[in-house]
Amino acid sequence: MTRVLVLAVSVCTLCGCSAKNSTFQSDDHAHERDKMMLEDAGPYHAALTAHLSSKGGHELDIFFETTDNPPKPAPLPLTSFIVFVGPEGGTAQAVLFEPAPKEERKDDPEGKCSHFVGKIPWLKPEESVTVTTTVDIDGTPTTITWKDFHSRKFAHHED
């Protein structure tokens, strides 16, 4: 038994395995900041937050940003994209995400956007949802998934 353990550790060491890059270990950074849930999006982070409004309808916002500290907006050449939102284990619905108004992303150059908004009037703030999209980032289709997103917990606005 001891020889098997020593052999396994030796193979892992020779292959460059470490706890940091093991598939059983999480990233070395937090995936929450303020009222946003963060996920990796190629060389960037994608931040998801909710705008809950009983008057105007619920919305989700996605921000693309650098991984710098502090992060900076990362405008991408995207005009819109589809996001799938659904309850854990349930059926996801397709939602169109479009650029936020220009005054909410003043520093984005023409033809690029760092902040997108999708209207989700059917969203139930007390439910956990999974939010998934695939976008082109630097020429590579990149899938981003936020699991166990609680819109009330991550709401930047609620009325």
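The values are calculated or read from the model by the stated rules, or taken from the named source; none is laboratory data. All values derive from a computational prediction rather than experimental measurement. In case anyone asks, the SASA skips ligands and DNA or RNA and just uses the protein heavy atoms, side chains included. Shrake-Rupley method; radii C 1.70, N 1.55, O 1.52, S 1.80 Å.
Of all beta bridges that DSSP places with both ends in the stretch 23-159, some 95 percent have antiparallel geometry. The slack in the chain from residue 31 to residue 136, taken as 0.36 nm per residue of separation less the alpha-carbon distance, amounts to 35.7 nm. Surface listing: 96, 52 arranged by accessible area from highest to lowest gives 96, 52, probe 1.4 Å. Expressed in nm to one decimal, what extension gain is obtained for the pair residue 156 and residue 122 from 0.36 nm per residue of sequence separation less their Cα-Cα distance? Here the answer is 10.4 nm. Dividing the radius of gyration of the alpha carbons in the stretch 61-126 by their Kirkwood radius gives 1.04 for Rg/Rh. In this structure, the pairs whose alpha-carbon distance is over 20 Å, taken from 35/119; 72/106; 55/124; 102/147, are 102/147. Computed over protein heavy atoms with a 1.4 angstrom probe, the accessible surface ordering of 58, 150, largest first, is 150, 58.
For 59, 103, 110, 98, what's the largest-to-smallest order of accessible area, 1.4 Å probe?
Details: 59 40, 103 125, 110 175, 98 95 Å².
From most exposed to least exposed: 110, 103, 98, 59.
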